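Starting off with a structure, shown below.
Taken together, the values in this text are just the output of simple stated rules run on the coordinates, not laboratory data. The structure displayed is predicted, hence computed values, not measured ones. Glycine gets a Cβ as well: all are built from the backbone with ideal geometry, and neighbour counts include every protein chain shown.
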Amino acid sequence: MTNAPSYAAAYGDWMRDPATYWAGEAAGITWTKPWEKIFDPDLGAFGQWFAGGELNTCYNCLDRHVEAGRGEQAALIYDSPMTGTIRTFSYAELLDRTERLAGALAALGVTKGDRVVIYMPMVPEAAIAMLATARLGAVHSVVFGGFAAAELSTRIADAKPKVIISASCGLEPGRVVKYKPLLDAAIAMSPHQPSACLILQRPQALADLKPNRDYDFDTAVAEAEPHGCVSVLATDPLYVLYTSGTTGKPKGVVRDNGGHAAVLWNSMKMIYGLEAGDVWWTASDVGWVVGHSYIVYAPLMRGCTSVMYEGKPVGTPDAGAFWRVIAQHKVKVLFTAPTAMRAIKQQDPEGTLSRDYDLSSLEALYLAGERCDPPTGVWAHELLGKPVVDHWWQTETGWPITAGFRQFGLFPFKPGSGGRPCPGYDLHALDDEGNVLPSGTTGNLSLRLPLPPGCGPTLWQDDENYRRSYLSDFPGWYRTGDAGVVDTDGDVWVMGRTDDIINVAGHRLSTGSMEEVLASHKDVAECAVIGAKDELKGQTPMGFVVLKAGVSRPEADIARELVALVRERIGPVAAFKDARVVARLPKTRSGKILRASIRKIADGENAPVPPTIEDPTSLDELRVLFGG
Ligand code: COA
Ligand code: AMP
């Protein structure tokens, strides 16, 4: 574990001697067998950490705290304004539920290496399901509840789970989202069939259970024998988390057990400045990597109390909801996405509602998921009078690439910057040929291999796609897909993606997958989807379609059908609400659609006519559409 007194010393320690540095980080974890090689370059796509070592992630999150006498301490606080419930689980209680669910899964035949898909709303059982799967040495794959049946089905087909754990419903403001019909439809579409489903019945909408396949979650847990921890290799997979890639097919990012445990345990102290017993709240969803790492694994690994919130920043019941949760549970550090702060700011610009609550417990606000726009960062900083830290990472890395470090003292506040690289990351901006650019020059943000522990070592059963997607453009480097700049102080500014991924309300989405859906409509000849600027969500998808010759149906009808189709195929999370019919799309002479020009026009920016454009007048219709 790092005891370095400053950021420079810690970063320098790692640079000089990574093996000793990582051995120190791993000392906070309970291993059942020590590693043989701290790094084995011959494993996986670029090597693997702690090769030969064994541990159990669930043991490190639960059992060891109970064995150390902290069983009565709160592990998880479930706070749900959606149901009017607050429930606290001590470490001992959380362990009891987890070992029973592990027993129930084992009774259904789940063993080490088997996959378990988890499709659940923000209920404690979702965290328990993750931990129980980890306890068995099995591999979970959590699917975000806002995805539609087809997306769930793709993930089931790829992960091939033995068991699926789901709930009868999720709760969104003003509507109950019935999960079970979505699950049934997803299974029906999938070539792979699970042997069993465990369904948590929520009173807001009970689900019909299919005989001999579906079992009631609570009954199964109540009847199960507690199951112990199964030791796994540090390099064995803990989970697969699917994320948007540059095609319609999501990428199954694999997380291993050993490196993940070591870096998450350390990050709670080094980055967020927390110790065992501190209350921590990540306002995200277990379906995203932020939820995996910082609602479930890292805080529990460290022995903190993690708040799990089923609600929104606004409307549940008002824009004071976050301040209420902080005050009520004495949260020390809050981690959320900038979009949540923008939502609060939009409804309560003066922060009047914050004055109703005692926020003295709060020591810092951490933001990630999208770049925090400076006005929002400054607003939160002035309102709370506490440090606001933007930090940058992605599903693939599993923990921050850049951050501010409370253990070492935070860097001066630079709104718009994502902080400095965490020890373990040798980060540079590269030009398109892979040359390192001088500081202050924008380029492809890339990480020199090997990636540190915790970062996804591969894609699920697809090393080749991992190499192609991340390692092939710049040999010896991992390409993050983000463009940005490292300034002369070493602070990193992440400016946006270099591929077709957009970020909507902190949710990572692929415009390519939306285009695939639009293109499947019978009247559409060609299409483009771009991420246009949005005051609240950062970006919002906007579709442009050219109709097939001879189609004379009302354009408004077609646009409505396209919006419905994206919701049906991808899900409400795509937030696709704007489809426009145009006579033609601007293209290069080689036929490539000029999406960047479309986006600039939609954002009201100056869009110079690219020299490669086939027909310069093709931009005029768009300019008229957006009043330019
Ligand atoms: N299950 C089912 N539907 C869901 C869902 C879930 N788990 N999560 C979101 N949805 C639905 C929403 O109800 C909404 O549906 P609608 O089109 O019928 O209104 C749609 O998906 C889009 O959701 P979202 O983009 O989240 O917009 P919103 O208007 O509901 O809320 C915010 C906007 C800013 C309040 C919300 O996005 C938020 O709290 N974001 C926090 C950021 C976050 O958690 N980021 C994760 C990465 S850190
Ligand atoms: P996800 O994999 O869903 O976590 O999304 C990762 C992507 O979100 C990154 O590649 C960035 O494009 C963006 N992102 C996340 N955090 C930040 C941040 N703090 N600043 C800028 N972009 C961010």
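Amide H of LYS37: which non-local residues (sequence gap of 5 or more, or other chain) have their own amide H closer than 5 Å, using H built in the peptide plane?
Those qualifying (amide H under 5 Å, at least 5 residues apart or on another chain) are ALA51, GLY53.
Can you give the Rg and Dmax of segment 81-130 based on its C-alpha atoms, in angstrom?
In order Rg, Dmax, the Cα atoms of segment 81-130 give 12.7, 38 Å.
Let me ask something else about it. Quick one: Karplus J couplings for segment 432-445, per residue in order, coefficients 6.51, -1.76, 1.60, θ = phi - 60°, nearest Hz, x for Gly and Pro?
5, 8, x, 8, 5, 8, x, 4, x, 10, 6, x, 7, 5
For a Förster distance of 22 Å, can you work out the FRET efficiency between the beta-carbons of SER472 and VAL436, rounded to the nearest 0.05? Don't skip to the answer; put the middle values down first.
Working: r = 18 Å, r/R0 = 0.82.
Approximately 0.75, to the nearest 0.05.
Continuing with the same structure: Fully extended, how many nm does the chain gain between ASP578 and ASP208 (0.36 nm per residue separation, minus their Cα-Cα distance)? Let's see the in-between values first.
Numbers: separation 370, 0.36 × 370 = 133.20 nm, distance 3.53 nm.
Here the segment from ASP578 to ASP208 would lengthen by 129.7 nm.
Order 193-204, 453-464 from most to least packed using the mean count of other Cβ atoms within 10 Å. Provide the component values of the computation, followed by the final result.
Numbers: 193-204: 18.6, 453-464: 21.8.
So the peptides 193-204, 453-464, ranked by packing, come out 453-464, 193-204.
Hey, another quick one. Quick one: if you stick a label point 7 Å off each Cα along the C-beta vector at ASP620 and ASP487, how many nm between them?
Label-label distance for ASP620 and ASP487, simple model: 4.3 nm.
Can you find, among VAL546, VAL314, THR458, the residue sitting farthest towards the positive end of the charge dipole of the chain, where Lys and Arg contribute +1 and Asp and Glu -1 at Cβ?
So the residue we want is VAL546.
Let me ask another. What percent antiparallel are the DSSP beta bridges of the chain, to the nearest 5?
Working: 59 of 96 bridges.
Expressed as a percentage, antiparallel bridges in the chain total about 60.
Another question, then. Between GLY47, GLY71, GLY113, whose Cα lies farthest towards the positive end of the dipole of segment 41-113 when Lys and Arg beta carbons carry +1 and Asp and Glu beta carbons carry -1, centred on the Cα centre?
After comparing all options, I get GLY113.
Here is a follow-up. Setting aside same-chain residues fewer than 8 positions from LYS112, which lysines have a Cα under 22 Å from its Cα?
LYS33, LYS160, LYS162
Per residue and in cubic angstrom, what volume does the convex hull of the Cα atoms of segment 114-163 have? Write out the running numbers ahead of the final one.
Details: hull volume 2.9 nm³, N = 50.
Taking the convex hull of the Cα positions in segment 114-163, it is 57 Å³ per residue.
Now a separate question. Work out the FRET efficiency for ARG175 and THR111 from their Cβ-Cβ distance, taking R0 = 41 Å, and round it to the nearest 0.05. All intermediate terms of the calculation are to be shown ahead of the outcome.
Details: r = 38 Å, r/R0 = 0.94.
It comes to 0.60.
In whole Hz and in residue order, list the ³J(HN,Hα) couplings for segment 305-320 that follow from phi through the Karplus curve 6.51 cos²θ - 1.76 cosθ + 1.60, θ = phi - 60°; x for Gly and Pro.
Once θ is set to phi - 60°, the couplings for segment 305-320 become 9, 9, 8, 10, 10, 9, x, 10, x, 9, x, 10, x, 8, 6, x Hz.
Once R0 is set to 45 Å, what does the formula 1/(1 + (r/R0)^6) return for the Cβ-Cβ distance between THR588 and ALA188, expressed as a FRET efficiency to the nearest 0.05?
Working: r = 42 Å, r/R0 = 0.93.
Working from the Cβ atoms, E equals 0.60.
Name the long-range amide H neighbours of GLY496: under 5 Å, sequence gap of 5 or more, or other chain; modelled H, no Pro or chain starts.
Distant-sequence amide H within range of GLY496: ALA483.
Apply the Karplus curve 6.51 cos²θ - 1.76 cosθ + 1.60, θ = phi - 60°, to the phi angles in segment 419-428 and return the couplings in whole Hz, x for Gly and Pro.
x, 10, x, 5, x, x, 10, 9, 9, 9
Can you give the log10 of the normalised intensity I(q)/I(0) at q = 0.19, 0.21, 0.22 Å⁻¹, computed with Debye over equal Cα scatterers of segment 505-625?
Rounded to two decimals, the profile gives -1.06, -1.26, -1.35.
Moving to a separate point now. Rg/Rh for segment 204-280 to two decimals, with Rh computed the Kirkwood way over all alpha-carbon pairs. Don't skip to the answer; put the middle values down first.
On the way: Rg = 18.9 Å, Rh = 17.2 Å.
Result for segment 204-280 is an Rg/Rh of 1.10.
Among SER520, SER618, SER293, SER153, what is the fewest-to-most ranking by other Cβ atoms within 10 Å?
Working: SER520 12, SER618 19, SER293 28, SER153 22.
Neighbour counts put them in this order, fewest first: SER520, SER618, SER153, SER293.
Grab the eigenvalues of the alpha-carbon gyration tensor for segment 125-266, scale each by 5, take roots, and send me the semi-axes largest first in whole angstrom. Provide the component values of the computation, followed by the final result.
Working: eigenvalues 124, 82, 44 Å².
Largest first, segment 125-266 gives 25, 20, 15 Å.
Amide H to amide H under 5 Å from VAL279: which residues, 5+ apart in sequence or cross-chain, H placed 1.01 Å off N in plane?
Sorted by chain and number, the residues that satisfy this are THR305, LYS332.
Would you mind computing, in nm to one decimal, how far apart the modelled labels at THR30 and SER231 are, each placed 7 Å from Cα along Cα→Cβ?
Between THR30 and SER231, the label points sit 1.3 nm apart.
Next question, about the same structure. Gain in length, GLU350 to GLU67, computed as 0.36 nm per residue apart minus the alpha-carbon separation, to one decimal in nm?
Values: separation 283, 0.36 × 283 = 101.88 nm, distance 4.72 nm.
Extra length available between GLU350 and GLU67 comes to 97.2 nm.
Let me ask something additional. Give the peptides 46-57, 133-144, 596-607 in descending order of average Cβ contacts within 10 Å, highest first. Walk me through the numbers before you get to the answer.
Details: 46-57: 23.2, 133-144: 26.3, 596-607: 17.8.
Listed from highest to lowest mean packing, they are 133-144, 46-57, 596-607.
Starting from the exponent 0.38 and prefactor 2.2 Å, build the expected Rg for the chain from its residue count and divide its actual Cα Rg by it. Spell out each step's value before the answer.
On the way: Rg = 24.0 Å, N = 628, 2.2 N^0.38 = 25.4 Å.
That works out to 0.94 for the chain.
So, one more: Over the Cα atoms of segment 353-397, compute the convex hull volume and normalise it per residue, giving Å³. Walk me through the intermediate numbers first.
Working: hull volume 4.2 nm³, N = 45.
Given the Cα convex hull of segment 353-397, per-residue volume reads 92 Å³.
Lysine pairs in segment 505-625 with alpha-carbon atoms under 25 Å apart, 8 or more places apart or on different chains: how many are there?
18
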